[in-house]
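The structure under discussion appears below in the form of structure tokens.
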Amino acid sequence: MSAAETKVETRCGFVALIGAPNAGKSTLLNALVGSKVSIVSRKVQTTRALVRGIAIEGVAQVIFVDTPGIFAPRRRLDRAMVTSAWGGAGDADVVALLVDARKGIDEEVEVILAGLQKLKAPAILVLNKIDTLERSMLLKLTTEVNAHFAFRETFMVSALTGDGVPHLKTKLAAMVPEGPWLYPEDQVSDAPLRLLAAEITREKLFERLHDELPYQSTVETDSWKELPDGSARIEQTIYIAREGQKKIVIGEGGRTIKAIGQAARKEIAGAAEQKVHLFLFVKVRPNWIDDPERYREMGLEFPRM
Ligand SMILES: Nc1nc2c(ncn2[C@@H]2O[C@H](COP(=O)(O)OP(=O)(O)OP(=O)(O)O)[C@@H](O)[C@H]2O)c(=O)[nH]1
Ligand SMILES: [Mg+2]
């Protein structure tokens, strides 16, 4: 074969981002992809199902898989989330464990480190949130974590500032196997817009509601109608568990739901690249957390027990 005929081998593969709740997995996914595909909040357990974000790096197409945080599950929903996270890790070509560098190794991280032994894919360590501490602390932490599990490599990043993210992306792109790209070049997410829209509204709920409420609620897009003027009419339902929670979600004079709706509408319009009319409905469903239909909507397997 002459030089002119030399074919460039493309690469394509899945990199799962796993870690304890709040480690910064979704923030890192968005930074790697360069676009917001997964919701983020200051609260734990924000991500509930696998979220794929697609990035191109040289000859490689990398499908980053954001996963729910891994923790000791109590409720049925928790179990479904943790199972989905380990499932995402099990199916990946490379597993990246994110550790909040400020927190270091705690009980949650120890459990994940033990679980890594069962995976076949190569694992790398990503110390995240390096903007929050002295560089000198990082070396000690690297040694400490690697004593629990022999990672292929350790990276230090700030998903928030972007520090170290391009380097990490280049290295991960070289680790995925050779093969044809699975998605069109300009695609950053495989999620349908109606699901992304529900997630955006859920993010606004997580921002504005506190205590148990975010964990006892879920959001679904019921309808999405294209109007003749090019705008979309979207109806969503916020499911909550108790009647008493309704007045908190709605707020005094409807203030809370209005703020949630306004913030969500703006962001959904940006994602859909069209004008959006958003209608939010609040429904009390004491057993939504045990309803298989809600899990299907979220993209989760329904755990029998
Ligand atoms: N200072 C700092 N904060 C960060 C960084 N990365 C993420 N965060 C913050 O950490 C919080 C949690 O971020 P997420 O990306 O939602 O974390 P997650 O791991 O996806 O959390 P779950 O989905 O709940 O498991 C948010 O407030 C982020 O802004 C970082 O590099 N530096
Ligand atoms: Mg997340």
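Here's a check for you: in region 135-176, which residue that is of a type in the set (S, T, N, Q) and more than 16 Å from ligand 1 (Cβ to nearest atom) is farthest from residue 103 (Cα to Cα)? That would be 170.
In this entry, residue 55 is excluded by the filter for residues that are in a strand (DSSP E or B), within 14 Å of residue 126 (Cα to Cα) and small (Gly, Ala, Ser). Among the residues making up region 8-52, those that are of a type outside the set (Ser, Thr, Tyr), open to solvent by 20 Å² or more (accessible area, probe 1.4 Å) and either near ligand 2 (Cβ under 9 Å from one of its atoms) or in a loop (DSSP other than H, G, I, E, B) (or both) are 8, 9, 22, 34, 36, 40, 42, 43, 44, 45, 50, 51. From the set of residues in region 99-112 that are within 12 Å of ligand 1 (Cβ to nearest atom) and out of contact with any strand residue (DSSP E or B) (no Cβ under 7 Å at 6 or more places or on another chain), which is farthest from residue 126 (Cα to Cα)? Here the answer is 108. Residues 55, 31, 49, 89: which one is under 21 Å from residue 176 (Cα atoms), within 12 Å of ligand 1 (Cβ to nearest atom) and under 16 Å from the mean Cα position of the chain (by Cα)? Of the residues listed, the single one that is under 21 Å from residue 176 (Cα atoms), within 12 Å of ligand 1 (Cβ to nearest atom) and under 16 Å from the mean Cα position of the chain (by Cα) is 31.
What number of residues within region 179-199 are closer than 13 Å to residue 57 by Cα and outside any loop (DSSP other than H, G, I, E, B)? Give the derivation first.
Pass one, region 179-199, residues closer than 13 Å to residue 57 by Cα: 181, 185-186, 188.
If we keep only those that are outside any loop (DSSP other than H, G, I, E, B) as well, we get none.
Selection size over region 179-199: 0.
One residue stands out among those in region 58-79 that are within 14 Å of ligand 1 (Cβ to nearest atom) and out of contact with any strand residue (DSSP E or B) (no Cβ under 7 Å at 6 or more places or on another chain): the one that is most open to solvent (accessible area, probe 1.4 Å), which is 72.
Filtering 96, 123, 89 for residues that are within 30 Å of residue 291 (Cβ to Cβ) and touching a strand residue (DSSP E or B) at 6+ places or on another chain (Cβ under 6 Å) leaves a single hit, 89.
The values are calculated or read from the model by the stated rules, or taken from the named source; none is laboratory data. The structure presented is a predicted model; accordingly, all values stated were derived computationally and were not measured. Cβ atoms come from the backbone with ideal geometry, glycine included; neighbour counts cover every protein chain shown. When the accessible area is computed, the model is the full protein with side chains, heavy atoms only, and any ligands, DNA or RNA have been set aside. Shrake-Rupley method; radii C 1.70, N 1.55, O 1.52, S 1.80 Å.
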